Amino acid sequence: MGGSTLTAVSATPTTVTPRARVLVIEDERGLTEVLTYNLQREGYETFVAHDGQEGLRKAQTLLPELILLDLMLPIMNGLEVCRQLKAGERTRDIPIVMLTAKTEETDQVVGFSMGADDYVNKPFSVKALMARIKALQRRRDGTSDPSSLLEHMGVRIDRLRHRAFVGGKELNLTPTEFRLLECLLRQPGRAFTRHQLMDAAIGDGQIVLERTIDVHIKTLRKKIGDPDLIETVRGVGYRFREAEGQV
């Protein structure tokens with residue numbers, strides 16, 4: 001919804017994982033046609049749903065590599081679709097990019113807190129959207145760092161299997177929470193600014209709110225079960241505790 005202005009123009013097609021599947025959940029049919037055209041030009045297999053209920057069903061059935069999800073949908077809104085997908089064992093790790101004409105700050109914060117991996121306001125550049133889709137794919141494939149295991153103070157991450165554990169108990173993390181924890185755990189004791197953490201967890205150069213990282217940190221602390229492991233650095237941002245007994 002929202003009357004976004006787009007043209008079916010794409011950059012020169014590039015090679016992606018053969019027939020990677022993208023599900024577009026969007027009720028604006030003109031927009032779904034433009035997105036389908038450009039996604040297929042880039043080598044993606046594309047599926048479309050025009051309401052939230054249909055989109056949830058297709059996501060659970062098809063298990064796509066990525067979902068483009070409109071916020072304002074008939075029958076079931078995008079936030080509820082996102083919530084149910086992130087609660088499902090088979091669908092919780094699917095990256096979700098929210099598409100919306102709404103620009104209120106609370107919408108973005110709520111979207112990320114529900115587990116969305118990116119948030120794009122309409123109207124948007126198709127070329128820029130494709131670049132962000134590919135960036136999400138690369139991060140999900142884990143191709144940026146050959147190191148697969150990180151462990152510190154009872155928290156362990158397996159990057160290749162995309163799993164995290166505390167004291168042997170597996171954590172149910174969203175993809176963004178996983179990357180955020182990975183960033184902090186890789187350099188215990190280092191203070192990261194909010195912008196640095198958002199670049200690591202969501203992507204370079206993307207426009208996000210500073211409050212968004214606070215939402216993720218709050219949720220991550222709760223899931224870890226020890227809020228003191230991720231410390232607030234006043235006037236800077238956050239850091240993972242360096243050693244036992246550190247103040």
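Before moving on, here are some points about what is shown:
- Residues of the range 40-61 that are open to solvent by less than 40 Å² (accessible area, probe 1.4 Å), in contact with an Asp or Glu (Cβ under 7 Å, 6 or more places away or on another chain) and more than 15 Å from V97 (Cα to Cα): D51 alone.
- Annotation for the range 120-132: at least one member residue is within 24 Å of I217 (Cβ to Cβ), in a helix (DSSP H, G or I), in contact with a strand residue (DSSP E or B) (Cβ under 8 Å, 6 or more places away or on another chain) and not polar (S, T, N, Q).
- Looking across the range 157-182, the residues that are in a loop (DSSP other than H, G, I, E, B) and either more than 23 Å from M198 (Cβ to Cβ) or open to solvent by 40 Å² or more (accessible area, probe 1.4 Å) (or both) come down to L160, R161, H162, G167, G168, N172.
- If the condition is being in a loop (DSSP other than H, G, I, E, B) and either modelled with pLDDT under 95 or touching a Ser or Thr at 6+ places or on another chain (Cβ under 7 Å) (or both), then the range 28-71 contributes E28, E42, G43, Y44, L63, P64, E65, L71.
- Residue match in the range 219-231 (condition: within 19 Å of the chain's Cα centre (by Cα), assigned to a helix (DSSP H, G or I), modelled with pLDDT under 80 and of a type in the set (D, E, K, R)): no
The values are calculated or read from the model by the stated rules, or taken from the named source; none is laboratory data. What you see is a predicted model; the values in this text were computed from it and never measured. Cβ sites come from the backbone with ideal geometry, for glycine too, and all protein chains shown count toward neighbours. Heavy atoms of the whole protein, side chains included, go into the accessibility calculation; ligands, DNA and RNA do not. Shrake-Rupley method; radii C 1.70, N 1.55, O 1.52, S 1.80 Å.
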